[in-house]
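J.: So that we are looking at the same thing, I have put the structure below in structure tokens.
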Amino acid sequence: PPADPEPVTPPEPYEPTLAELQAAKKQEISQACEQAIYSGVSVTLTDGSTEHFALTEHDQLNLFGKQIELSAGVTRLKYHTDGQPCRYYDAADMQLIVTAAMDYVSYHTTYCNSLYSWISGAQTAEEIQQIYYGAEIPEQYWSDVFRDIKKGDADA
């Protein structure tokens, strides 16, 4: 009869490097940021009503076009809220929509970049695990722009 096979020692579990953990965390944060932006922003219009606007890349491009129309002096602009047919917005309301959308995207992009700085500065797997989208970022990782936003600088 054949000899009994030699016992096989199970391999050690793979331990990712710090750089691999950081890259994975940045990817996770990137997806969360994109999802937050794409979910959109609610805007209170001049009549006091509130409407919600998605901010996918396509929506952002459309709103950039609306900003150009506003700059050209157009006073009646076609646009739509989530899942609704196109309608007309006056210039004041469209400016509110464009400004809110730009501020919203800018905030999330700036917040995400400061999270990236925190991830890059993390020295242990445990520290990386503590980082998530929505976490309060330690000040040492704030960019100048994020610092201005956090302090409520009107020019930020």
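The values are calculated or read from the model by the stated rules, or taken from the named source; none is laboratory data. Keep in mind that this is a model prediction, so the values were computed, not measured. With ideal geometry, Cβ positions are generated from the backbone for all residues, glycine too; neighbour counts draw on all protein chains shown. Accessible surface areas use protein heavy atoms only, side chains included; no ligands, DNA or RNA. Shrake-Rupley method; radii C 1.70, N 1.55, O 1.52, S 1.80 Å.
J.: Return the only residue of 70, 77, 63, 55 being open to solvent by less than 50 Å² (accessible area, probe 1.4 Å), part of a strand (DSSP E or B) and either free of Cβ contacts under 8 Å to residues at least 60 places away in the same chain or farther than 29 Å from residue 132 by Cα (or both).
T.: 77
J.: Now for a different question. Assess whether residue 98 counts as being among the aliphatic types (A, V, I, L, M), surrounded by 15 or more Cβ atoms within 10 Å (Cβ to Cβ) and free of Cβ contacts under 8 Å to residues at least 60 places away in the same chain. Explain how you work it out, then say what you get.
T.: Numbers: among the aliphatic types (A, V, I, L, M): yes; surrounded by 15 or more Cβ atoms within 10 Å (Cβ to Cβ): yes; free of Cβ contacts under 8 Å to residues at least 60 places away in the same chain: yes.
So residue 98 passes the test.
J.: Within the stretch 1-27, can you find the residues that are open to solvent by 60 Å² or more (accessible area, probe 1.4 Å) and of a type in the set (S, T, N, Q)?
T.: Within the stretch 1-27, 9, 17, 27 qualify.
J.: Is there a residue in the stretch 73-86 that is touching a strand residue (DSSP E or B) at 6+ places or on another chain (Cβ under 6 Å) and closer than 26 Å to residue 30 by Cβ?
T.: Yes, some residue in the stretch 73-86 is touching a strand residue (DSSP E or B) at 6+ places or on another chain (Cβ under 6 Å) and closer than 26 Å to residue 30 by Cβ.
J.: Okay, next question. Of all residues in the stretch 110-140 being open to solvent by 40 Å² or more (accessible area, probe 1.4 Å), in a helix (DSSP H, G or I) and in contact with a helix residue (DSSP H, G or I) (Cβ under 7 Å, 6 or more places away or on another chain), which is nearest to residue 67 (Cα to Cα)?
T.: Filtering first and then ranking leaves 116.
J.: Still on this structure, please answer the following. Quick one: in the stretch 28-44, of everything that is part of a helix (DSSP H, G or I) and hydrophobic (A, V, I, L, M, F, W, C), which residue is surrounded by the most Cβ atoms within 10 Å (Cβ to Cβ)?
T.: 37
J.: On to the next question. So which of 153, 90 ends up being surrounded by fewer than 17 Cβ atoms within 10 Å (Cβ to Cβ), over 19 Å from the mean Cα position of the chain (by Cα), at pLDDT below 95 and of a type in the set (Asp, Glu)?
T.: Among 153, 90, only 153 is surrounded by fewer than 17 Cβ atoms within 10 Å (Cβ to Cβ), over 19 Å from the mean Cα position of the chain (by Cα), at pLDDT below 95 and of a type in the set (Asp, Glu).
J.: Would you point out which residue out of 23, 3 is assigned to a helix (DSSP H, G or I), among the aliphatic types (A, V, I, L, M) and on the phi < 0 side of the Ramachandran plot?
T.: 23
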